[in-house]
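Colleague: Provided herewith is a single structure, encoded as structure tokens, for subsequent inquiry.
Please treat every number below as a calculation from the coordinates, not as lab data. Please read these numbers as outputs of a predicted model, since none were measured by experiment. We place every Cβ from the backbone using ideal geometry, glycine too, and count neighbours over all the protein chains shown.
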Amino acid sequence: MDLIPFEFQSYDQWLGAIIGIVAGLVIQGEGQAFFVLMFQNLSEREKPVYDLNPLHHIDPRSFPVLLLTGWGWGKKRVEEPPYFPPSWIARSMVPLTAPLANMILAGVLGTIYMFLPFAILKMAIEINVLIAIANLLVPIPPMALGRALCCPFPALDSRQATVETVGAAVLIIIVAVEYWAKTSYLQSLIIPPTKFVAKWVLGG
């Protein structure tokens with residue numbers, strides 16, 4: 001994983017990247033929904049219904065960033081129900097469970113990779129680690145850290161869509177400028193920890 005975009009050498013790697021991105025963005029949305037559900041009383045909790053439709057999780061605004069870097073953000077935002085704690089810490093944790101879900105998925109795939117070392121699995125693992133690290137390090141909404149930093153400010157709730165649209169445009173501009181100028185400020189922040197974690201997940 002020396003360059004982003006990846007230097008694909010086989011169809012398996014392309015397929016693994018596509019599967020990894022789609023699965024990673026879906027798991028981000030469902031991970032947030034599951035986290036919120038955990039605060040409901042067990043006696044009132046209904047069986048969760050998982051939304052696995054990729055169209056409900058993939059944000060078209062993230063396509064340019066995904067194509068140029070391999071990382072991006074999910075579209076799904078979970079509405080906090082009445083039983084959810086109103087504290088800013090709890091609210092901030094909701095978007096941060098998205099990259100945590102990516103890491104859990106990478107760990108599960110890493111276990112499978114130990115027995116089935118296919119290129120598809122390897123690329124899917126690397127992509128999910130990359131998405132997780134980027135979402136934990138880039139403090140601009142709609143990335144997870146950016147969303148978490150906005151959570152303590154209730155005044156931004158009504159402007160969430162606007163804030164995230166502006167943030168997405170800023171990210172696209174930054175990534176495009178870096179790509180054409182051949183600089184790598186964001187990538188130099190994201191790639192080293194991604195390589196370290198991916199190597200660890202893949203067993204060294």
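Colleague: Within region 126-144, how many residues are surrounded by fewer than 24 Cβ atoms within 10 Å (Cβ to Cβ) and either more than 10 Å from the chain's Cα centre (by Cα) or small (Gly, Ala, Ser) (or both)?
Modeller: So in region 126-144, the residues surrounded by fewer than 24 Cβ atoms within 10 Å (Cβ to Cβ) come out as 136-140.
When the remaining residues are screened for being either more than 10 Å from the chain's Cα centre (by Cα) or small (Gly, Ala, Ser) (or both), the result is 137-140.
Residues meeting the conditions: 4.
Colleague: When only residues in region 15-39 that are without any contact (Cβ under 8 Å) to a residue 12 or more places away in the chain and assigned to a helix (DSSP H, G or I) count, which is farthest from GLY110 (Cα to Cα)?
Modeller: First, pick out the residues of region 15-39 that are without any contact (Cβ under 8 Å) to a residue 12 or more places away in the chain: 18, 37-38.
Those still in the list that are assigned to a helix (DSSP H, G or I) too: 18, 37.
Values: ILE18: 17, LEU37: 27 Å.
Step by step, filter region 15-39, then rank; the result is LEU37.
Colleague: Something else now. Restricting attention to region 76-99, does a residue exist that is under 17 Å from LEU171 (Cβ atoms) and small (Gly, Ala, Ser)?
Modeller: Yes - at least one qualifying residue is present in region 76-99.
Colleague: Does at least one position in region 48-66 carry a residue that is in a loop (DSSP other than H, G, I, E, B) and crowded, with 19+ Cβ neighbours inside 10 Å? Outline the logic, then answer.
Modeller: Filtering region 48-66 down to residues in a loop (DSSP other than H, G, I, E, B) leaves 48-53, 57, 59.
Those left that are additionally crowded, with 19+ Cβ neighbours inside 10 Å: 57.
So far as region 48-66 goes, yes, one or more of its residues are in a loop (DSSP other than H, G, I, E, B) and crowded, with 19+ Cβ neighbours inside 10 Å.
Colleague: Can you confirm whether region 67-80 contains a residue that is assigned to a helix (DSSP H, G or I), over 30 Å from LEU15 (Cβ atoms) and not hydrophobic (A, V, I, L, M, F, W, C)? If you could, list the steps in order and put the result at the bottom.
Modeller: In the first step, residues of region 67-80 are kept if they are assigned to a helix (DSSP H, G or I); the result is 67-69.
Subset that is over 30 Å from LEU15 (Cβ atoms): none.
So far as region 67-80 goes, no, none of its residues is assigned to a helix (DSSP H, G or I), over 30 Å from LEU15 (Cβ atoms) and not hydrophobic (A, V, I, L, M, F, W, C).
Colleague: Identify, from the list ALA106, ALA90, ALA119, the residue that is closer than 19 Å to GLY146 by Cβ and either surrounded by fewer than 18 Cβ atoms within 10 Å (Cβ to Cβ) or more than 11 Å from the chain's Cα centre (by Cα) (or both).
Modeller: On the way: ALA106 fails: closer than 19 Å to GLY146 by Cβ; ALA119 fails: closer than 19 Å to GLY146 by Cβ.
So the residue among ALA106, ALA90, ALA119 that is closer than 19 Å to GLY146 by Cβ and either surrounded by fewer than 18 Cβ atoms within 10 Å (Cβ to Cβ) or more than 11 Å from the chain's Cα centre (by Cα) (or both) is ALA90.
Colleague: Can you go through THR183, THR162, THR111 and tell me which one is over 17 Å from ASP59 (Cα atoms) and in a helix (DSSP H, G or I)?
Modeller: On the way: THR183 fails: in a helix (DSSP H, G or I); THR162 fails: over 17 Å from ASP59 (Cα atoms).
Answer to the selection: THR111.
Colleague: Hey, another quick one. From PRO152, PRO142, grab the single residue that is within 25 Å of ALA23 (Cα to Cα), part of a loop (DSSP other than H, G, I, E, B) and in contact (Cβ under 8 Å) with a residue 60 or more places away in the chain. Show your work before the answer.
Modeller: Numbers: PRO152 fails: within 25 Å of ALA23 (Cα to Cα).
From the options PRO152, PRO142, the qualifying one is PRO142.
Colleague: Please enumerate the residues belonging to region 67-76 that are crowded, with 17+ Cβ neighbours inside 10 Å and over 12 Å from the mean Cα position of the chain (by Cα).
Modeller: LEU68, THR69
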